[in-house]
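As structure tokens, the structure follows; a few thoughts come after it.
The values are calculated or read from the model by the stated rules, or taken from the named source; none is laboratory data. These figures come from a predicted structure and were not determined experimentally. Cβ sites come from the backbone with ideal geometry, for glycine too, and all protein chains shown count toward neighbours. Please note that ligands, DNA and RNA were not included when accessible areas were found on the heavy atoms of the full protein model with its side chains. Shrake-Rupley method; radii C 1.70, N 1.55, O 1.52, S 1.80 Å.
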Amino acid sequence: MSSRKPRAVANPLETTATAPGERILKECHNLYVDSEHGLVKIASSVDVHLLPPRKKIFVMIMGNHSAGKSSFINWYIEEHIQKTGVAIATQGFTFITSGRKRESLTGNATLHLYPHFRPLLEFKGVTDYLSAEVSSSKQKKFSLLTFVDTPGLVDGDMVYPFSVNSAITWLGKQVDLVLVFFDPMGQALCKRTLNIVEQLSDAVGDKLHFYLSKADEAGNETDRQRVMMQIVQELCRRPGLNKCGFEMSTIYIPNPQKPSRCVNQIDGMCQTIEKTINQAVQKTLDQLEKDCNLITSTIKDRLAQDRADVGHNRSVRVHSFLCGLLGVLLPALFILSFIVNTFAKEELEGLVGEGGARVLSVSTAVFVYLWEWIPEDGQVVVVMVFGAFCYLLMFLSKYFARQGSNTLSKKEKRTLADYSDYIQDVVRLKKVKLYESYLQQCAAEGDF
């Protein structure tokens, strides 16, 4: 026995069918939250918001009060963690998850543990009726899932401290699996339950699975069939639930001291949970690929935009320089033309030399000619217009200077390129290996 255990631990593919799934979900989660090269950190550097994938699936159980929701959870994890009874035992939402040790969490701590469910804060009053129970149980597939126990639903004058219909409907859209329990001894046809189920069926009908709980207490087989027929007829009266292939299984908590001849399909429900876990592994790997594509394409677009911004900045700098140069040079030449015109040719050559005198004469000749051409009574207006034009050139120079875009530094561009290479060379390769590891547990060796 001692020689077998190390081999089983060394190769997780040989332990159980779900060992690769648990490892894959954990490793995918680590790829997102790594402090140095996590995808969440890389995505935030390019203004992309990512949430790390869940390491477990979420299974929500809903139904009328005393339908056996909490009893099923206690049976599944083999620990009495949820209160049970005929009275309404669960008044809020309770997350039951596997952890290192037994612990109870309040609303804020629960949302901190499950950031995906922070939108629950939008439902007034829910936080006060939100909690989490952490169990050290490792029974069945409990280490790979989190149960969400919901308030028992009743009709009539029952007043809930929050919008229970809206909250359950929203939660049902977020979780991976919704188990609907109908109690044959209670309010199996509770309108509130049926209304929520109909809303969920329109949005996430593939997540819904229906069960007649406490089936062993429904009398003989004829009584059970009659109860199931009544429930199915009521469900099918609603357009959103009248679908082909409707199925309702009978389940009850096995009790060796109270044997029953009723068919118990609770193992089938456990298989449904396990199937959902396997699908979650595939979805997580697919989402990893999509997130890698999103980040790399965003980095590529950011670098391309930076190159375009560099070209744009170069263009506006040229425009700014030319406008500034003309704004200074034109009035300088205008004033210089009058100064040069006050000197005789011999005096000017004596001051700047023959070559300098020739350059000054040629550069100011246009202004001298135009000034002589302008009538004396219009010269003041021309000077004002010329001054306004030079001011406009200086204004345009400053305007173009402000039109430049912020660009990436060499370090930032190198960092983005390194991120892209890391995703391509490390993350994508890791994803391929994880997918192969997952498929090896079900596919034949010849398929690889």
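Has region 324-340 got at least one residue that is open to solvent by less than 40 Å² (accessible area, probe 1.4 Å), within 30 Å of LEU416 (Cβ to Cβ) and at pLDDT 85 or above? Checked against the condition, which is being open to solvent by less than 40 Å² (accessible area, probe 1.4 Å), within 30 Å of LEU416 (Cβ to Cβ) and at pLDDT 85 or above, region 324-340 yields no hits at all.
State the number of residues belonging to region 230-248 that are surrounded by 11 or more Cβ atoms within 10 Å (Cβ to Cβ) and either assigned to a helix (DSSP H, G or I) or at pLDDT below 70 (or both). Count: 12. Taking the criterion of being within 19 Å of LYS173 (Cα to Cα), surrounded by fewer than 12 Cβ atoms within 10 Å (Cβ to Cβ) and without any contact (Cβ under 8 Å) to a residue 40 or more places away in the chain, the residues of region 100-127 that qualify are ARG118, GLU122, LYS124. In this entry, VAL154 passes the filter for residues that are over 26 Å from ARG118 (Cβ atoms), at pLDDT 75 or above and not basic (Lys, Arg).
Do we have LYS56 as touching a Ser or Thr at 6+ places or on another chain (Cβ under 8 Å), without any contact (Cβ under 8 Å) to a residue 60 or more places away in the chain, more than 26 Å from ARG192 (Cβ to Cβ) and of a type outside the set (A, V, I, L, M) here? When the stated conditions are applied, LYS56 does not pass them.
Would you pick out the residues in region 208-229 that are in a loop (DSSP other than H, G, I, E, B) and either at pLDDT 70 or above or in contact with a Phe, Trp or Tyr (Cβ under 8 Å, 6 or more places away or on another chain) (or both)?
The initial filter retains those residues of region 208-229 that are in a loop (DSSP other than H, G, I, E, B), namely 213-214, 218-220.
Scanning region 208-229 gives SER213, LYS214, ASN220.
Residues are listed down the side, and each one gets a yes or a no for (1) among the aromatic types (Phe, Trp, Tyr); (2) under 30 Å from LEU392 (Cα atoms); (3) within 38 Å of the chain's Cα centre (by Cα):
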{"site": "LEU294", "(1), (2), (3)": "no, no, yes"}
{"site": "GLN305", "(1), (2), (3)": "no, no, yes"}
{"site": "ASP309", "(1), (2), (3)": "no, yes, yes"}
{"site": "HIS312", "(1), (2), (3)": "no, yes, yes"}
{"site": "ARG317", "(1), (2), (3)": "no, yes, no"}
{"site": "GLY324", "(1), (2), (3)": "no, yes, no"}
{"site": "LEU329", "(1), (2), (3)": "no, yes, no"}
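Of the residues making up region 135-170, those that are crowded, with 20+ Cβ neighbours inside 10 Å and touching a His at 6+ places or on another chain (Cβ under 6 Å) number 1.
The conditions of being open to solvent by 50 Å² or more (accessible area, probe 1.4 Å), modelled with pLDDT under 85 and not hydroxyl-bearing (Ser, Thr, Tyr) are not met by LYS173. Tell me, please, whether a residue that is in contact with a Ser or Thr (Cβ under 7 Å, 6 or more places away or on another chain), within 20 Å of VAL126 (Cβ to Cβ) and in a strand (DSSP E or B) can be found in region 72-91. Among the residues of region 72-91, not one is in contact with a Ser or Thr (Cβ under 7 Å, 6 or more places away or on another chain), within 20 Å of VAL126 (Cβ to Cβ) and in a strand (DSSP E or B), which makes the answer no.
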